[in-house]
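A short write-up of the structure that comes next.
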Amino acid sequence: MISEKMYELGSRRSAIRELFEYGKSAAERVGADNVFDFSLGNPSLPPPREVTETAMRLLESLPPCELHGYTSAQGLPETRQAVADCLIRRYGASIRPDRIYMTCGAAASLAILFRALISSPDDEILAVAPYFPEYKVFAEGAGARFRVLPPDLVGFGIDLDALETAITPRTRALILNSPNNPSGAVLKRPTLTALAALLKRKSEALGSPILLVSDEPYREIVYGEATPYLPALYPDTVLCYSYSKSLSLPGERIGYIAVPDGVREGDRLYAAVCGAGRALGYVCAPALMQRIVAACVDLLPDIRPYRENRDLLYGALTRYGYECVLPEGAFYLFVKAPDGDSEGFCEKAKRENVLIVPGDGFGCAGYLRISYCVGRERIERSLTAFERLIRG
């Protein structure tokens, strides 16, 4: 009477969400100040002042039925124009508003795009470990096979030789996430240039393009050199974006899919995106948030508090003896479990009321993800617990 696969997904939360719920119940038992929750990538910075002011202005100035009414399925024309104009200003992009599809965040963007791409159960979507665990859910939900390249544990880059071997005639897309969740790695231009050359060569050999899906919710949270605009390096690139992190609006669920002009059969792909949005019921992203995006599309986050948190946490943990690579973007520290057992270490950490996520679900057993987009005081108060944990 019901789908066993959907039952399994619904009855067993992801490890991240499970910890988040555990943290709320622990806070009721021992007090919120005594729980050091580093589980969820929930921005600790408030939205920029302009976002709040725009929301208030819209609420006060527009008639309610207009403000809260349906938009076009793919989004308000003025919002899609604003997004396209922003990409053109920032990157010199070749993109049109009628190839922008507004979504309920990057998760909806990926789910829609995969549904638009997959036509056979033999079709494959590739990802590079470590990767956001829901990629597998979205890919398999679209009917694809989800295949993972093993991680590069030195710097969490891409093993191009392994990728070349992994690509088959059934490969439809490669997901790229830079800055990366969970490692914080930012892919550099030489690596991306080599990747583009590889994908072009393999696409020509196969006789059909391999789509590069650039998942970019952390695009603006970079502490050094930013990731280049990928469609300029590899034209068959589609962008999946979310304002959750850049504007600190994770609960408002607003983002977009952008199909640049260089994508082969881009008009057909965009039509398939519209069709997939329709089939999934992902039409008409929240109207108020679309209007806010249109007015605030050029805003950039103040990432100084995240950088300070990163430096504080990385400095303390490496001093205690933890091993990790300094993250260059996003707001996660990916740490090697001291005893190699990430799940066991996370359970031990819970006894200190420290909530961190095992790396197994990210495709990296033996690692821990610590989300440092929290108040600085939480990090400072947790450090003695982290020191006790590594001392045994």
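Taken together, the values in this text are just the output of simple stated rules run on the coordinates, not laboratory data. Note that the structure is predicted; figures quoted are calculated from it, not measured. Reconstructed Cβ throughout: ideal geometry from the backbone, glycine too, with neighbour counts over all protein chains shown.
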### Cα gyration tensor category, rounded, prolate or oblate, for the stretch 102-212 with a/c compared to 1.5
oblate
### Query
Mind listing the phi-derived Karplus ³J(HN,Hα) values for the stretch 300-317, rounded to whole Hz, using 6.51, -1.76 and 1.60 with θ = phi - 60°, and x for any glycine or proline?
10, x, 8, 8, 4, x, 5, 4, 4, 4, 4, 5, 5, 5, 4, x, 5, 5
### Query
Highest GNM mean-square fluctuation, the chain, Cα pairs closer than 10 Å: which of Arg12, Arg189, Arg304?
Arg12
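Student exercise: in the chain, how many lysine pairs 8 or more apart or on different chains have Cα atoms under 19 Å apart?
Numbers: Lys5/Lys136; Lys24/Lys348; Lys24/Lys350; Lys188/Lys200; Lys336/Lys348; Lys336/Lys350.
Lysine pairs satisfying the spacing and distance rule in the chain number 6.
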#### Entry: Distant-in-sequence amide H partners of Ser178 (H built 1.01 Å from N, under 5 Å)
Asp215
### Task
Within the set of other residues whose C-beta is less than 15 Å from the C-beta of Pro77, count the net charge using Lys and Arg as +1 and Asp and Glu as -1.
0
### Task
Sort the following peptides by mean Cβ neighbour count (other Cβ atoms within 10 Å, averaged over residues), highest first: 216-229, 105-118, 252-265.
105-118, 252-265, 216-229
### Message
How large is the direction-averaged shadow of the alpha-carbon convex hull of the stretch 331-373, in nm²?
### Response
2.8
## Note on the structure
Amide H proximity to Arg145 below 5 Å, modelled H, separation 5+ or other chain, gives Asp123, Glu124, Ile125
## Note on the structure
Surrounding charge for Ile125, neighbours by C-beta under 11 angstrom, Lys/Arg +1, Asp/Glu -1, total +2
### Message
For a test of the definition: using alpha carbon positions, the gyration tensor, and the 1.5 limit on a/c, classify the chain as rounded, prolate or oblate.
### Response
oblate
